[in-house]
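Notes to accompany the following structure.
Every number in this text was worked out from the coordinates using simple rules, so none of it is lab data. Keep in mind the model is a prediction, meaning the values are calculated, not measured. Virtual Cβ from ideal backbone geometry, glycine too; neighbours counted across all protein chains shown.
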Amino acid sequence: MGFLMVPAAVYLAAFYVFPIFQTLRVSLGSQSAWVSFMDILASRSTWIVFRQTFEMAFVVTAISLVLAYPVAYLLVHLPERKQRVILLLVLLPYWISTLVRSYAWIALLGRKGVVNSMLIATGIVTEPLELIYNRLGATIGMVNVVAPMMILILYAAFARIDTSLTRIGSVLGGRPLFVFGRIWLPLSMPGVWSGCILVFLISLGVFTTPAILGGATEMSVAMAIEQQVGTLLDLPAAAALSTLLLVVAFSLMLATQRFWVPALLGQSAESPRHSAKVPEGGTIFDRLERITNGHVRRTRVPGPQPQPNARRYWQIQRSRPRLVLWIVSAAALAYLLVPVIVVIALSFSSADFLQFPPRGVSLRWFSNFFGKPEWVGAAGRSFLVAVITTAIATLLGMAAAYGIERGRMRNKRAAYILLLSPLVVPPTILAFGLYSIYASLGWIGSLTALAAAHVVIVLPFVFVIITQGIRSVDPTIEFAASSLGGKPAYVFRRITLPLLRAATVSGALLAFLTSFDELIVALFLATPRNATLPKRMWDSVRFEIDPTNAAAATLLIGLSVVIVSATLLSETRRRRVVQSLASR
C-alpha cells in the first residue's frame with residue numbers, strides 16, 4: 001500500500017520542493033545574485049525586518065495562548081452538545097478569510113471606528129487614538145487570525161487527559177486551583193508546547209493582516225518579499241529574503257517536528273525534558289486561592305455564617321473558578337466573532353463609507369457586487385480554481401493517507417513532514433518560487449497553473465482529515481472482507497470508501513473553502529485581468545476602501561458557515577456509523 005504515497009510525493013516534488021530549490025538558485029546561482037544576496041545579508045534594514053517579524057510572532061503566540069487556554073479547558077469539561085456549539089463558534093472565524101477579518105478591524109479600530117468613538121463618547125480620550133497602521137493594530141489582527149488554531153490544538157491535547165485525575169485530587173482534599181497547578185497543568189504542557197510552536201511558525205509567514213493593519217513601518221519579511229516582487233521588481237533581492245526566511249523556517253520546523261507533526265495529526269506530542277515537572281505550580285495556585293478566599297471572608301457581614309455540608313463543599317469551591325473561566329472564555333469568543341459581526345453589518349449599510357454601527361439598512365452594496373462584471377468575474381474564477389484544486393487534492397490526499405496508514409513504510413515521519421510542511425512553511429516562499437518558474441514558462445495568469453499551486457496549500461488539510469477518518473475505521477473489518485475473498489480494490493470500494501465518505505466530504509469542502517479564500521499565491525501568480533475574488537478584494541481594500549468589500553466578505557462568510565456546518569454534520573454522521581459498526 002505504500003506505493004499510494006507516490007502520486008502525492010511526485011506532485012509535491014514538482015510544485016513544492018522544486019520551487020523552493022528554484023528560490024535558492026535565483027538567490028545564489030550567479031555572481032550577480034550572490035552579490036545581491038550579500039548586500040541583503042549586510043543590510044541593517046534586513047535584520048530590522050527579521051527582528052520585527054520574530055518579535056511580533058512571539059507576542060502573538062503568547063497572547064493567543066492566554067486567550068486559548070481557558071477556552072480549551074472549558075471545552076473538555078462541557079457536555080457534548082455544548083462542546084459542539086462552542087466548537088462551531090471557534091471554527092467559524094478560523095475558516096473565514098483572513099482578508100475579511102482584517103478588513104473588519106479597520107472599521108473597528110480606525111480613527112472614526114467603534115473603539116475610538118466609544119472612548120471619545122465616554123470622555124476617556126479627547127482625540128482619536130492611532131490603533132491601526134502600527135504594531136498594535138497588526139498584533140490585534142494577527143491574534144484574531146491564529147487564536148482559533150491555538151484553541152483547536154489545545155482542545156485536542158486536553159481531550160486526551162484523563163479528567164478523573166483532577167476529581168481524585170479534589171476528593172483527597174486538594175483545592176481547585178491547587179489541583180489545577182499540580183495535576184492538570186503538567187499534563188497539559190505537551191499540548192501547550194505543540195500549540196505554541198505551530199502558531200509561532202505560522203505567525204512568521206502571515207502576510208495579509210500585517211500588510212493591512214500594520215502599515216509600512218511594521219513590515220514583516222513576507223511583506224518585504226512581496227514588495228520586492230510586486231513594487232520594486234527586484235527578483236534577486238526577493239530571492240535573497242526568501243532564502244533567509246526559508247533557512248530560518250526550515251531549521252525551526254525540523255527542530256520542532258516532534259511537536260507540531262503530532263499536533264496536526266491529533267496525536268500526543270512528546271514532552272520536552274523537565275517540562276512535566278512543575279513542582280511549585282500547585283503551591284502558587286493554592287496560595288492564590290487562599291488569598292482570594294481570605295479576602296472574601298474578611299468582606300463578609302459579621303455574624304454566624306451557615307456552614308455548607310460535605311456534599312456541597314466541593315461544588316462551592318469549584319463555582320468561583322468556573323465562573324471566572326466562563327467569563328474569560330466568553331470574552332475570548334466575543335473577540336474572535338466581533339469582526340464577523342461587523343463585516344455583516346457593514347454589508348447592509350446605506351453609507352458611502354465604512355461606518356459602524358450603520359445608520360441605515362440597504363442592499364446597495366450587494367447590488368453593486370452583482371452588477372459589476374469585475375466582481376462577478378473574480379468570484380467565478382475563484383470558484384473554478386477551487387473546484388479544480390479540490391478534485392486534485394482530494395484524490396492525492398486520500399491515496400497518500402491510505403497508503404501511509406495501511407501500508408508498511410519504514411519512515412512514516414518523513415512522509416508526514418513532507419505532506420504537512422506546506423502548512424508551516426511561509427506561503428510567500430512558495431509563491432515566489434512558483435512565480436520564478438511560471439514567469440519563465442509563461443504561465444502567469446493561468447487559472448490552471450494557479451489551481452496547481454493551490455493544491456500544495458490545501459493538500460495538508462485533506463490529508464489530515466482523511467487520516468483521522470482512516471484511523472477511526474477498524475482494520476479488522478477490511479481484513480475480514482479480504483479473508484472472504486475480496487480483492488483489495490473491491491474491499492476499498494465497497495467497505496473502506498463508504499466508511500470514509502464523511503471524512504472525504506469534510507476534507508474536500510475545507511479544501512474548496514481554503515482555495516476559494518487564498519490570497520498570497522494569487523498575488524504573485526494572478527494578473528489584474530484574471531484576478532480571483534480575494535485578489536480583487538485586496539486591491540479594493542488597499543486602494544478604494546469600497547463597502548462592496550463588505551458585501552463580498554458577507555458572501556464568503558455565508559459560504560464558510562455552510563461548509564463548516566456541512567463538515568460538522570459529516571463528522572457527526574461518521575461517528576454514528578463507526579459506533580454502530582462497533583456495537584454489532
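A compact table of results
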read-out: Sites A9 and W326 - FRET efficiency at Förster radius 41 Å, r taken between beta-carbons, to 0.05; value: 0.30
read-out: Radius ratio Rg over Rh of the chain, counting only Cα atoms, Kirkwood formula for Rh; value: 0.99
read-out: Ranked by how many other beta carbons lie within 10 Å on average, peptides 379-392, 72-85, 13-26 from highest; value: 379-392, 13-26, 72-85
read-out: Hits among lysines - C-alpha to C-alpha of K535 under 20 Å, sequence gap 8 or more where chains match; value: K372
read-out: Value of [θ]222 nm, deg cm²/dmol, for the chain, DSSP H segments ≥ 4, -39500 (n - 2.57) each, nearest 500; value: -24000 deg cm²/dmol
read-out: Protection-proxy order for peptides 330-340, 522-532, each taking the mean of Cβ atoms within 10 Å per residue, highest first; value: 522-532, 330-340
read-out: Charge dipole of region 414-544 about the Cα centre (unit charges at C-beta), most positive-ward option of A489, L418, F461; value: A489
read-out: Selected from S117, V17, V85, residue furthest toward positive end of dipole (region 1-117; charges at beta carbon); value: S117
read-out: Helix runs (DSSP H) in the chain reaching 20 Å along axis by Cα, Kyte-Doolittle at least 0.5; value: 44-76, 80-94, 135-158, 185-204, 235-255, 310-347, 373-406, 427-441, 447-471, 501-517, 548-583
read-out: Cα centre as origin, Lys/Arg/Asp/Glu Cβ charges: the chain dipole, Debye; value: 2400
read-out: Selection from S436, A502, I404 lying farthest towards where the dipole of region 395-513 points positive, charges on Cβ; value: I404
read-out: Where labels lie 7 Å past Cα in the beta-carbon direction, separation of W34 and L484 in nm; value: 6.8
read-out: Protection proxy ranking, peptides 193-204, 397-408, 128-139, average beta carbon neighbours within 10 Å, highest first; value: 193-204, 397-408, 128-139
